[in-house]
Amino acid sequence: MRATLLQIDVDPKETVADRRERVATLVRGQAGADLVVLPELWPVGAFAADDFAAEAEPVDGGPTAEAMAAAARDAGVWLHAGSVVERDPDGLLFNTSLLFSPDGRLHAVYRKIHRFGFDQGEAALMAAGREIVTARLPHTVLGLATCYDLRFPEQFRLLIDAGAHVLVIPAGWPTRRLAHWRLLVQARAVESQAYVLACGTAGTHVGVAQAGHSMVVDPWGEVLAEAGPDEQILTVELDPARVTAVRADFPVLRDRVLGVPTP
């Protein structure tokens, strides 16, 4: 299974429409991949909270969704299109990830559960998602999460319980917490005995330097590929059978104890 991560530079001098077109072209260039992954909120920038309302769009028929659906279809790939600012029919905003099938159909939607900002920015402007989301692909089962979710291991336990073998995490992670990014991405892989595809942004969002350093980590916690700080494409061959093999050879998940045992 060939996975490609597109670490996109969110350049403030580039319009959202121009970036959307540029990213669609990049996706079309990944024909031959099985899965392509984009970062969190790449159309507007993860820290550009003042622009969230103006750039919000519906999941069905929105400009980013339409552009990414067409790009997935043209390339013939499964496309995790990162996330967009969604405006739902009730006017609520969500940080929403979109997964498209190779025929351009919207296959899965995940609304970010843990919003970052400590009552500011995303946390103040966006509603919280409520549902754990997995998606079955021909080669594997994806578990979907986004950026700040990475700090909440209980969400990943639920994804594993729901059958996930590959955890896909688009992000807009700041450079000043790069050490946490690396540590947490590897930790989620080790504790879940799953592949982790963590795709971040490059550049600077309203003065916040982005870490980049997108990573692919295997079920034993080994880093298979890691980007630098700038826009970059990572392509890695994954073996879906390795998840099953690692879990069988080192069956730690079998020994989980939930709650406090009764004496």
Using alpha carbons only: equivalent-ellipsoid semi-axes of the range 31-144, gyration tensor based, whole Å
25, 15, 12
When the charge dipole of the range 2-239 is computed with +1 on Lys and Arg Cβ and -1 on Asp and Glu Cβ about the Cα centre, the Cα farthest towards its positive end, among G121, G143, Q232, belongs to G143
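Please give the peptides 130-137, 94-101 ranked by average Cβ packing (other Cβ atoms within 10 Å per residue), highest first, as a rough proxy for protection. Intermediate values should be presented prior to the final figure.
Working: 130-137: 15.5, 94-101: 24.9.
Descending packing order for the listed peptides: 94-101, 130-137.
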Sticking with the crude label model, points 7 Å out along Cα→Cβ, report the distance from A128 to L93 in nm, one decimal please.
1.8 nm
Taking Rh as the Kirkwood radius, which is the inverse of the mean 1/r over Cα pairs, what is the Rg/Rh value for the range 76-203?
0.95
For a label point 7 Å from the Cα of A31 along Cα→C-beta, name the residues of the range 225-250 whose backbone N is under 18 Å from it.
none
Placing +1 at every Lys and Arg Cβ and -1 at every Asp and Glu Cβ, with all other atoms neutral, what dipole size does the range 149-212 have around its Cα centre, in debye to the nearest 20?
260 debye
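Return the tail of the calculated pair distribution for the range 2-239, meaning the percent of Cα-Cα pairs more than 29 Å apart. Walk me through the intermediate numbers first.
Details: 4799 of 28203 pairs.
Everything past 29 Å amounts to 17 percent.
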Given the C-alpha atoms of the range 1-66, compute the convex hull and give its volume per residue in Å³.
95 Å³
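Given only helices, namely DSSP H runs of n ≥ 4 each adding -39500 (n - 2.57), what is the per-residue ellipticity at 222 nm of the chain, to the nearest 500 deg cm²/dmol?
Numbers: 7 runs with 67 residues, N = 263.
Estimated from H runs of four or more residues: -7500 deg cm²/dmol.
Among 108-118, 77-87, 220-230, 198-208, how do they line up from the highest to the lowest mean number of other beta-carbon atoms within 10 Å? All intermediate terms of the calculation are to be shown ahead of the outcome.
On the way: 108-118: 19.3, 77-87: 25.8, 220-230: 14.6, 198-208: 21.4.
Order by mean packing, descending: 77-87, 198-208, 108-118, 220-230.
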Once the Cβ-Cβ distance between D74 and E222 is put in as r, and R0 is 35 Å, what FRET efficiency do you end up with, to the nearest 0.05?
0.55
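Treating the beta-carbon of each Lys and Arg as +1 and of each Asp and Glu as -1, no other charges, what is the dipole magnitude of the chain about its Cα centre, to the nearest 20 debye? Please report the intermediate quantities before stating the final value.
Values: 24 positive and 34 negative charges, 123 e Å.
Around 580 debye, computed over the chain.
How much length is gained if the chain between I233 and R151 is pulled fully straight, taking 0.36 nm per residue apart and subtracting their Cα-Cα distance, in nm to one decimal?
Values: separation 82, 0.36 × 82 = 29.52 nm, distance 2.50 nm.
My answer for the length gained is 27.0 nm.
Every number in this text was worked out from the coordinates using simple rules, so none of it is lab data. Note that the structure is a prediction, hence the values are computed from the model and not measured. Counting neighbours? That spans all protein chains shown, and the Cβs are built from the backbone with ideal geometry, glycine included.
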